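Notes to accompany the following structure.
The values are calculated or read from the model by the stated rules, or taken from the named source; none is laboratory data. Only a predicted model underlies this, so the values are computations on that prediction, with no experimental measurement involved. Cβ atoms come from the backbone with ideal geometry, glycine included; neighbour counts cover every protein chain shown.
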């Protein structure tokens with residue numbers, strides 16, 4: 001050991017560093033380079049500087065997709081921060097059969113996103129389960145356009161995302177709730193605090209770091225949403241593409257023999273920067289909470 005070469009530790013790190021370089025760093029650097037060219041799928045491009053970014057900011061489709069992505073985040077993130085917490089508090093109770101409900105709530109997480117999307121497509125289409133029930137109960141006279149109206153399609157996709165993510169983030173909160181000292185609840189109960197008061201005064205402050213983590217993770221996932229929009233709205237992203245998000249637009253721009261990889265790469269970088277902003281915001285909030 002005394003005569004061990006200085007490069008020995010790097011030899012052990014080399015396989016991992018090689019994998020990260022090949023499959024993470026280089027693709028990112030290559031995307032940045034492509035975003036500065038007018039390259040297409042079947043031909044190399046020439047350097048055009050920031051023309052793709054200028055084009056994006058002048059493109060109505062980009063702004064529609066960006067607004068949809070931010071709106072998706074604004075609706076989905078609060079739901080995935082609060083609802084799984086309430087669900088975790090409910091299933092934390094030790095009563096007979098509670099294990100079945102824990103498993104049932106987690107089932108959508110392990111289901112394929114495509115399968116989940118197809119199930120909800122059957123539920124929400126014009127002759128699907130929801131519209132059939134509404135008509136039988138005389139709630140509506142015409143089918144609700146869950147999948148044929150851009151706004152309703154976006155809302156439907158949000159519902160699917162929340163439904164699929166509830167069980168996943170519930171597990172996060174169950175781990176956090178398991179670390180809350182029972183003595184705090186016992187002392188509060190002796191002082192006359194009810195269940196609601198203990199929830200807001202003890203549970204939420206104790207799991208707040210986990211809430212910030214869940215908020216950050218769900219925000220990143222919301223900005224990357226694609227499958228729900230694709231399965232429910234088809235390849236066009238809803239009527240006139242009105243429900244497209246940024247990942248959906250990137251796929252449309254870069255797909256096919258005439259795919260504009262340069263412009264798609266620029267859109268990818270803009271999506272990365274938007275994601276980075278919300279990630280840094282979550283990190284800043286976490287540091288503020290710790291201090």
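Checking residue 240 against (1) touching a residue at least 12 places away in the same chain (Cβ under 8 Å); (2) under 20 Å from residue 77 (Cα atoms); (3) not in a loop (DSSP other than H, G, I, E, B): exactly one of these is not met. Which one?
(2)
I'd like to know if the stretch 114-123 contains one or more residues that are assigned to a loop (DSSP other than H, G, I, E, B), at pLDDT below 90 and out of contact with any strand residue (DSSP E or B) (no Cβ under 9 Å at 6 or more places or on another chain).
Initial filter on the stretch 114-123 (assigned to a loop (DSSP other than H, G, I, E, B)): none.
Checked the stretch 114-123: no residue is assigned to a loop (DSSP other than H, G, I, E, B), at pLDDT below 90 and out of contact with any strand residue (DSSP E or B) (no Cβ under 9 Å at 6 or more places or on another chain).
Here is a yes/no grid of residues against (1) part of a loop (DSSP other than H, G, I, E, B); (2) closer than 20 Å to residue 237 by Cα; (3) out of contact with any strand residue (DSSP E or B) (no Cβ under 8 Å at 6 or more places or on another chain):
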residue	(1), (2), (3)
144	yes, yes, yes
160	no, yes, yes
168	no, no, yes
174	no, no, yes
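Inside the stretch 1-105, counting only helices (runs of 4 or more DSSP H) that do not spill past its ends, which hold 3 or more residues that are in contact (Cβ under 8 Å) with a residue 12 or more places away in the chain? Spell out the reasoning first.
Values: elements: 8-20, 26-34, 51-57, 60-91.
In the stretch 1-105, the matching helices (runs of 4 or more DSSP H) lie at 26-34, 51-57, 60-91.
Give the stretch 190-200 a look and list any residue that's in a helix (DSSP H, G or I) and surrounded by fewer than 14 Cβ atoms within 10 Å (Cβ to Cβ), or say none. Spell out how you get there, then give the answer.
So in the stretch 190-200, the residues in a helix (DSSP H, G or I) come out as 190, 195-200.
Answer for the stretch 190-200, where residues must be in a helix (DSSP H, G or I) and surrounded by fewer than 14 Cβ atoms within 10 Å (Cβ to Cβ): 190, 195, 196, 197, 200.
Which one is farthest from residue 161 (Cα to Cα), of the residues in the stretch 248-263 that are in a helix (DSSP H, G or I) and in contact (Cβ under 8 Å) with a residue 40 or more places away in the chain? Write out each step before concluding.
Start the filter on the stretch 248-263 by keeping residues that are in a helix (DSSP H, G or I), which leaves 248-254, 261-263.
Pick out the ones that are also in contact (Cβ under 8 Å) with a residue 40 or more places away in the chain and you get 248-249, 254, 261-263.
Values: 248: 15, 249: 19, 254: 25, 261: 28, 262: 30, 263: 28 Å.
Step by step, filter the stretch 248-263, then rank; the result is 262.
Does residue 204 satisfy the condition of being within 29 Å of residue 90 (Cβ to Cβ), surrounded by fewer than 14 Cβ atoms within 10 Å (Cβ to Cβ) and either under 24 Å from the mean Cα position of the chain (by Cα) or at pLDDT 90 or above (or both)? Don't jump to the end; show me each part of the working.
Details: within 29 Å of residue 90 (Cβ to Cβ): yes; surrounded by fewer than 14 Cβ atoms within 10 Å (Cβ to Cβ): yes; either under 24 Å from the mean Cα position of the chain (by Cα) or at pLDDT 90 or above (or both): yes.
Judged against the criteria, residue 204 is a match.
Go through (1) surrounded by fewer than 17 Cβ atoms within 10 Å (Cβ to Cβ); (2) under 30 Å from residue 213 (Cβ atoms) for residue 69 and report which single condition fails.
Result: residue 69 passes all but (1).
What number goes with the only condition from (1) over 26 Å from residue 116 (Cα atoms); (2) touching a residue at least 12 places away in the same chain (Cβ under 8 Å); (3) in a helix (DSSP H, G or I) that residue 183 does not pass?
Residue 183 satisfies all of (1) over 26 Å from residue 116 (Cα atoms); (2) touching a residue at least 12 places away in the same chain (Cβ under 8 Å); (3) in a helix (DSSP H, G or I) except (2).
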